[in-house]
Amino acid sequence: MAIADNIKTIKNSIPEHVTLVAVSKTKPNSDILEAYECGHKIFGENKVQDLTRKYEELPKDIEWHFIGHLQSNKIKYIAPFVSLIHGVDSQKLLIAINKAGIKNNRKIKCLLQVHIAQESTKFGFSEDELIQMLNEDSIATLNNIEICGVMGMATNTPDTAAISKEFAGLKEIFTKLKEKYFSKHENFKHISMGMSGDYTIAIEQGSTMIRVGSSIFGQRNYH
Ligand SMILES: *Cc1c(COP(=O)(O)O)cnc(C)c1O
């Protein structure tokens with residue numbers, strides 16, 4: 001029951017407009033089903049192979065989010081069913097996702113990943129790169145993707161003021177992009193930020209979608 005209890009506790013503690021993505025990476029189907037049976041339907045995975053397998057094995061009304069670093073040659077495996085791709089970090093990838101969308105006759109929802117952390121290992125666009133890309137007319141011709149907002153990961157640090165500042169920066173970028181490029185796009189509405197350690201701060205700074213793994217399913221064991 002621990003998983004169901006954790007989900008209930010988190011859901012009760014966050015505002016209604018914030019979507020909880022339960023990050024089930026490395027966890028067995030039985031854990032996902034425990035969450036599913038208490039009514040939770042949105043899960044996040046960061047490996048294409050695991051996501052595809054879990055999609056095949058688990059109930060079809062689950063909404064699967066891809067939250068990892070996506071390689072162009074693997075898009076085809078998740079394109080038929082994925083609900084939202086959080087970490088789109090290049091124009092090349094966006095174009096490749098659009099192609100997969102055409103093949104599958106659907107519009108694939110994406111979030112643009114923005115690099116807000118101090119660590120150089122975290123992926124994402126800079127603000128300048130985003131503006132440069134969105135200024136290109138060719139972006140508007142990508143009819144089989146829908147850009148639904150932004151995603152970011154804060155620096156892994158105990159310095160909550162620093163984390164707060166990074167999230168505030170992402171919110172600011174979201175607002176600028178919304179005004180300048182997406183004012184008529186009602187689905188450009190998501191700011192995916194906040195994980196187990198920092199989702200409370202993220203919500204204070206305007207998160208609309210949190211990605212929580214270990215606080216729901218416990219520590220991950222990669223071995
Ligand atoms: C693993 C992961 C999470 C969840 O991390 P927790 O700290 O376990 O909540 C969130 N977002 C991304 C991109 C991840 O890879």
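The values are calculated or read from the model by the stated rules, or taken from the named source; none is laboratory data. What you see is a predicted model; the values in this text were computed from it and never measured. Neighbour counts run over all protein chains shown; Cβ positions are idealised from the backbone, glycine included. Heavy atoms of the whole protein, side chains included, go into the accessibility calculation; ligands, DNA and RNA do not. Shrake-Rupley method; radii C 1.70, N 1.55, O 1.52, S 1.80 Å.
Some observations on this one:
- Long pairs among K11/K92; K41/K107; K76/K165; K60/K109, criterion Cα-Cα beyond 25 Å: K11/K92; K76/K165
- Rounded, prolate or oblate (a/c below 1.5 giving rounded, otherwise prolate when a/b exceeds b/c) for the chain by Cα gyration tensor: oblate
- For the peptides 205-213, 155-163, the ranking by mean Cβ contacts within 10 Å, running from highest to lowest, is 205-213, 155-163.
- Per residue accessible area of the chain, 1.4 Å probe, in Å²: 50 Å²
- Loop-located GluC sites (Glu not before Pro) across the stretch 1-104 with a Cβ neighbour count of 16 or fewer within 10 Å are E16, with loop assigned by DSSP.
- 3J(HN,Hα) along the stretch 84-96: 7, 9, 7, x, 7, 10, 7, 5, 4, 5, 4, 5, 5 Hz, from the Karplus curve 6.51 cos²θ - 1.76 cosθ + 1.60 with θ = phi - 60°, whole Hz, x for Gly and Pro.
- Annotation note: chymotrypsin sites (Phe, Trp or Tyr not before Pro) in the stretch 163-223 located in DSSP loop regions with a Cβ neighbour count of at most 11 within 10 Å are Y222.
- Cα gyration tensor shape of the stretch 99-223, rounded if a/c is under 1.5, else prolate or oblate by comparing a/b with b/c: prolate
- Taking 0.36 nm per residue of separation and subtracting the current Cα-Cα distance, fully stretching the chain between K11 and H185 would add 59.9 nm.
- Under the combined filter of DSSP loop state and at most 16 neighbouring Cβ atoms within 10 Å, the stretch 1-86 retains these trypsin sites (Lys or Arg not before Pro): K41, K47, K60.
- Dipole magnitude (debye, nearest 20) for the chain, charges at Cβ of Lys, Arg, Asp, Glu: 620 debye
- Heavy-atom accessible surface of the stretch 1-146: percent carbon and sulfur, 1.4 Å: 48 percent
- The stretch 148-223 - charge dipole about Cα centre, Lys and Arg +1 at Cβ, Asp and Glu -1, debye rounded to 20: 280 debye
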